[in-house]
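What follows is a short report on a single structure.
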Amino acid sequence: WASKRANDAVSGKYHPSPGSWDDSVIYQIQMDRFNNGNKSNDELNVRQWQKDAQAKGDLSGVPSWRHGGDFKGVMDRLDYLKDLGINTLWLTPVLHHNGDYHGYCSTDLTTTDPGFGSPEELRQLVKEAHARDIRVVLDIVINHMCDVDTHYDQQPSDPAPCAEVLDSQYRYTWKGEDPHQANIQFSGSFFEAFRYQKFFNRCGPCQDYQMRGEGAVAIYCDFVNGMFDYNTRDPDFQYVFTQLHLYWIAFADVDGFRLDAAKHVTEDFLAYFSTQARAFARKLGKDN
């Protein structure tokens, strides 16, 4: 179904890729913080703690609030961006997320976040950028999926033993079971296509120093509670995840992806995703 969805979205003529990206002058946009062009979506997908604070007039958490930036806001400033001399926009994650302003906690890969706007508005943003010879690169979250109502049946106290076993399975083709993996109790709101134990590493959350370090723990642990680490070794996961993102090339005519947290996933997945994305884009006339 994921492949059919991507292929069914193919239509019309696509904006060609540049012969080389070496001349890129990139402007990164933090979607929530750039420009609020449509105030009617400001209350959509806002965390409850922010709503409670706003109701009380408590401004202590303002830096972590959603501030209303959206697709319309970017479209309204495209001429300004063009005047700056840029030719590439790098947009922080725009897909549906858990309500945190930054967007790096995806919850649904099939649609955009309502606080940013509709999929059609994203497509219009890309179209208007292309009319000004500006490319659009989407930042995508390849390491984890979030859900505040999903939890482990018994959360691991230390992700390191689990991570070491998984890394041995991956690098040395050891086929034994990992007794340290927990089971995830998926909530009814968890992204349905990914409600499979095997799609996640299930080693539990790690300490900040472990996440920022090197080695197995940094690859297989959850960054924090509620941020479930993908099992990027699994071929079924690789296929479905990739197809769901190829859709956005076909539907919105985006020009590239920036892969967030690339050091925290397995190398084979990076190679697979990149190869498949390039091949799919090439069929649409986007050769680079």
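Annotations for the structure displayed:
- Beyond 24 Å, the tail of the calculated P(r) for the range 1-148 holds 38 percent of the Cα pairs.
- For Thr88, the amide hydrogen comes within under 5 Å of the amide hydrogens of Val25, Tyr27, Arg135, counting only partners 5 or more places away or on other chains and with H modelled in the peptide plane.
- On a per residue basis, the convex hull of the C-alpha atoms belonging to the chain measures out at 149 Å³.
- For Lys4, the lysines whose Cα falls under 24 Å of its own Cα, not counting residues fewer than eight places away in the same chain, are Lys13, Lys127, Lys198, Lys283, Lys286.
- For the range 81-110 versus the range 211-288, the gap between their alpha-carbon centres in whole angstrom: 16
- Proximity of backbone amide H atoms, modeled 1.01 Å from N, is registered between Phe200 and Asn231 at under 5 Å, excluding neighbours fewer than 5 places apart on the same chain.
- For the range 177-266, GluC sites (Glu not before Pro) are listed when DSSP marks them as loop and at most 11 other Cβ atoms sit within 10 Å of their Cβ; the list is Glu177, Glu214.
- Beta bridges per DSSP with both ends in the chain, % antiparallel, nearest 5: 40
- Stretch in the chain that is longest and holds no chymotrypsin sites (Phe, Trp or Tyr not before Pro) that DSSP places in a loop and that have at most 13 other beta carbons within 10 Å: 2-173
- Candidates Gly103, Gly68, Gly188, ranked by Gaussian network fluctuation over the chain, Cα under 10 Å, top entry: Gly188
- Helix-only arithmetic for the chain: the sum of -39500 (n - 2.57) across DSSP H runs with n ≥ 4, divided by the residue total, places the mean residue ellipticity at 222 nm at -10000 deg cm²/dmol.
- Nearest-0.05 FRET efficiency for Asp52 and His151, computed from C-beta distance (R0 25 Å): 0.65
- The aspartates and glutamates whose alpha-carbon is closer than 12 Å to the alpha-carbon of Lys82, local same-chain residues fewer than 8 away aside, are Glu128, Asp133.
- Rounded to the nearest 20, the Cβ-based charge dipole of the chain about its Cα centre (Lys and Arg +1, Asp and Glu -1) stands at 700 debye.
FYI, it's all coordinate maths here, none of it is from the lab. Please read all numbers here as calculations on a predicted model, not as lab measurements. We place every Cβ from the backbone using ideal geometry, glycine too, and count neighbours over all the protein chains shown.
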